[in-house]
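Asker: Got a structure for you, questions after.
The values are calculated or read from the model by the stated rules, or taken from the named source; none is laboratory data. Please read all numbers here as calculations on a predicted model, not as lab measurements. So basically every Cβ, Gly included, is an ideal-geometry build from the backbone, and we count neighbours across all protein chains shown. For the accessible areas, the whole protein counts, side chains as well, though only heavy atoms, and no ligand, DNA or RNA atoms are used. Shrake-Rupley method; radii C 1.70, N 1.55, O 1.52, S 1.80 Å.
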Amino acid sequence: MATSRGSLVVVGAGIVGLATARRYLEVRPGSEVTVVDKEHHVAVHQTGHNSGVVHAGIYYAPGSLKAALCRRGGELLRAYCNDRHLPYEAYGKLVVARTPDELPRLRALEQRARANRVPDLALLEPPAMADLEPHVAGVAALHSPHTAAVDYGRVAETLAREVEDRGGRLLLATEVTGFATDHAGLKVVTSAGDLATDRAVTCAGLHADRLARLAGDGPDPAIVPFRGDYYRLAPDRAGLVRGLVYPVPDPRYPFLGVHFTRRVSGGVDVGPNAVLALGREAYRRTAVDRHDLAELLAWPGLRRLAWHHWPAGVREVASSVSKLVFLAAARSYVPDLDLRDLVPAPSGIRAQAVDRAGRLVDDFVVHDLGPVLAVRNAPSPAATSSLAIAEHLVDRLVGAPA
Ligand SMILES: Cc1cc2nc3c(=O)[nH]c(=O)nc-3n(C[C@H](O)[C@H](O)[C@H](O)COP(=O)(O)OP(=O)(O)OC[C@H]3O[C@@H](n4cnc5c(N)ncnc54)[C@H](O)[C@@H]3O)c2cc1C
């Protein structure tokens, strides 16, 4: 099959893949772009199972890709949602120090957020906290008024329509199983036949490492799936929280701790925790995928991670099997919360890269593999950052300075 000049195959119809396809068509109008996904719909995995928060850039190491792309991505996303009349609610966020011993970490977080130029931050004392969130208890809080909520599934559907409107093609229910190069160029091998193309970019989320390996990359870092369980506040108790309320995170982990998130639909989610999932798409607590599990247990990085962080692991598992333990975490800063207020809600699974040494890879990671560009780590805030990640990837694909 002949290819048009500059043709591109994008693997993955999550928000990162779809944003990248759209951006490529914006930069190279008229080129042949195909987005391939093994699922029957877009946004089936992380993009459709997350907290829906547009992060303002508080947490990320200054100078990192996350810090830069989260700020830029958040601005692009706000404009994108406004232009297309997609729901976007700037509820604002409180990061709460529950006890005096959390204050140094809260101040360190404030410094980091200021280094990242998060706009209009304020460190609040209890009376001002109570004005914003009357049911929240704590000794101080960092307030980020522009942290917002969206529906990333709807954003992804809108991006998909735009890709098609610009002449791109969505090839769903089609799994990518390999890559091959010959004199004619690159071939993406799929369950529906081969796709000839000039370049490919893999945005495969929970399978990011597998796709990169298929394109000739090494095994490091591997994706480790961390399930996040959620509860939802019973509708008559959704008034307990007005916006987004988070604990001060433990800086040793990329996860933010069980938090309260007001959704654009009006409900309030509580969660997620972070428990090792026994399969990359094992959404139910009892689900196991033997192949995934065997691969996971063989990764030296997982054993090292478990060795160093087993107390946190035990805590998170306890919050998964016991609603009381989950409640205790949430009640530590919303004390009026009661067991009956929490209604189970669907879980999500995070694709978190872990390197051979057992470190949780913090920043976004992209590997250049000749004709294939492979996204190897795009955890939170990759949904917030997606339109900026797309710019970054397309700059790398077309050769502009990244
Ligand atoms: C519980 C949870 C809460 C989160 N909260 C937030 C938040 O509030 N704010 C935020 O910014 N981020 C958040 N995130 C992170 C965010 O959701 C992800 O970083 C983002 O959705 C990643 O998008 P993606 O397109 O890379 O991956 P995905 O959405 O997972 O898409 C990857 C796609 O690749 C496809 N695929 C994989 N392998 C193949 C193959 N071989 N062939 C064809 N297709 C394939 C999959 O089917 C999938 O559709 C959260 C994530 C989770 C799980």
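Asker: Write down the percent of antiparallel bridges among all DSSP beta bridges whose residues are both part of the chain, to the nearest 5. Display every interim value, and only then the final one.
Answerer: Numbers: 50 of 68 bridges.
That works out to approximately 75 percent antiparallel.
Asker: Right, something else. If packing is taken as the average count of other Cβ atoms within 10 Å, what order do 237-249, 375-387, 202-214 fall into, highest mean first? Let's see the in-between values first.
Answerer: Working: 237-249: 21.0, 375-387: 26.5, 202-214: 24.7.
Packing order, densest peptide first, comes out as 375-387, 202-214, 237-249.
Asker: Here's something else I'd like to know. Treating cross-link reach as a plain straight distance, find the lysines whose alpha-carbon is under 29 Å from the alpha-carbon of Lys323, omitting any fewer than eight places away in the same chain.
Answerer: Within the straight-line cut-off, Lys323 pairs with Lys93.
Asker: Further, regarding this structure: Quick one: accessible area per residue over segment 131-203, 1.4 Å probe, rounded to a whole number of Å²?
Answerer: 43
Asker: Can you tell me the orientation of helix 103-115 relative to the chain, as the angle in degrees between its alpha-carbon axis and the longest Cα principal axis, to the nearest 10?
Answerer: Once rounded, the angle reads 40 degrees.
Asker: Right, here's the next one. Report, in whole Å, the centroid distance computed from the Cα atoms of segment 140-205 and segment 358-402.
Answerer: Distance between centres, Cα-based: 13 Å.
Asker: Ala173 to Arg105: FRET efficiency via 1/(1 + (r/R0)^6), r the Cβ-Cβ distance, R0 41 Å, to the nearest 0.05?
Answerer: 0.35
Asker: Give me the number: length gained by fully extending Arg304 to Arg114, i.e. 0.36 nm times residue separation minus the C-alpha to C-alpha distance, one decimal in nm. Each step should come with its number before you reach the end.
Answerer: Values: separation 190, 0.36 × 190 = 68.40 nm, distance 3.36 nm.
65.0 nm is the gain from fully extending Arg304 to Arg114.
Asker: Follow-up. Compute for segment 93-145: radius of gyration divided by Kirkwood radius, i.e. Rg/Rh, restricted to C-alpha atoms, rounded to two decimals.
Answerer: Working: Rg = 10.5 Å, Rh = 11.0 Å.
A ratio of 0.95.
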